[in-house]
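The values are calculated or read from the model by the stated rules, or taken from the named source; none is laboratory data. As the structure is a prediction and not an experimental result, all values here were calculated from the model. Neighbour counts run over all protein chains shown; Cβ positions are idealised from the backbone, glycine included.
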């Protein structure tokens, strides 16, 4: 069904009507995407948390605020230059006193066809994978501390895994070699390759090929 989508809006409708995932019956909202669908930079996160589930948008709350700061520090406008989504589009229910949990392998694989079709429709030149779940979904690998900062070629696109902002919030040190210092290196490298591949013209001023 996902392959039948001709636009990002049609893909949204198809996913919203799909009942084959149990998360649909526990999550409050479908958390699909945010940002500019005409951009050449796509950022893929992990799965919605409590704030995202309530608002129906990815990367809100503290993680989203930090992500915006990281993107802005590298000269990206989060609303103009980036299209933001997740590897899993509904919040996995929590266990015990936790509001939500990490997605299972089955949940990641279940949503992967929609992520692949989203990439087809957005057609980004550069993809940033934020966290292990996003990296597992697209590249089939985990171990973000080992994979972060390394460029991969995937179907003609530049792809880089980076830390998830939530990980940086848990590791606030700015010392050399810390996750925050590594993130600054990684996002600068994303900026460099983006400028080489795409150029500095704002995404809103570019037209995607038909």
### Message
Against the conditions (1) touching a residue at least 40 places away in the same chain (Cβ under 8 Å); (2) in a helix (DSSP H, G or I); (3) farther than 23 Å from residue 66 by Cβ, where does residue 20 fall short? Just the number, please.
### Response
(2)
### Message
Which residue is surrounded by the most Cβ atoms within 10 Å (Cβ to Cβ), if the candidates are limited to region 55-78 and must be assigned to a loop (DSSP other than H, G, I, E, B) and under 13 Å from the mean Cα position of the chain (by Cα)?
### Response
59
### Message
If I ask for residues that are part of a helix (DSSP H, G or I), touching a strand residue (DSSP E or B) at 6+ places or on another chain (Cβ under 6 Å) and farther than 19 Å from residue 73 by Cα, which ones from region 145-198 would you list?
### Response
147
### Query
Applying the selection to region 79-112, what residues are under 21 Å from residue 50 (Cβ atoms), touching a residue at least 40 places away in the same chain (Cβ under 8 Å), within 14 Å of the chain's Cα centre (by Cα) and not in a strand (DSSP E or B)?
87, 88, 89, 90, 111
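Take region 14-40 and flag every residue that is under 16 Å from residue 123 (Cα atoms) and touching a strand residue (DSSP E or B) at 6+ places or on another chain (Cβ under 7 Å).
Taking region 14-40 as the starting set, the residues that turn out to be under 16 Å from residue 123 (Cα atoms) are 33-40.
The answer is 33, 34, 35, 36, 37, 39, 40.
Looking at 119, 127, which is the one that is in contact (Cβ under 8 Å) with a residue 40 or more places away in the chain, at negative phi, within 15 Å of the chain's Cα centre (by Cα) and not in a helix (DSSP H, G or I)?
None of the others qualify; the one that does is 127.
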#### Entry: Residue list for region 1-13, restricted to those being in contact with a helix residue (DSSP H, G or I) (Cβ under 9 Å, 6 or more places away or on another chain) and more than 13 Å from residue 120 (Cβ to Cβ)
1
### Task
State yes or no: is residue 136 outside any loop (DSSP other than H, G, I, E, B) and modelled with pLDDT of 95 or more?
yes
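Being under 20 Å from residue 162 (Cα atoms) and crowded, with 18+ Cβ neighbours inside 10 Å: is that true of residue 122 here?
Values: under 20 Å from residue 162 (Cα atoms): no; crowded, with 18+ Cβ neighbours inside 10 Å: yes.
Taking the combined requirement at face value, the residue does not satisfy it.
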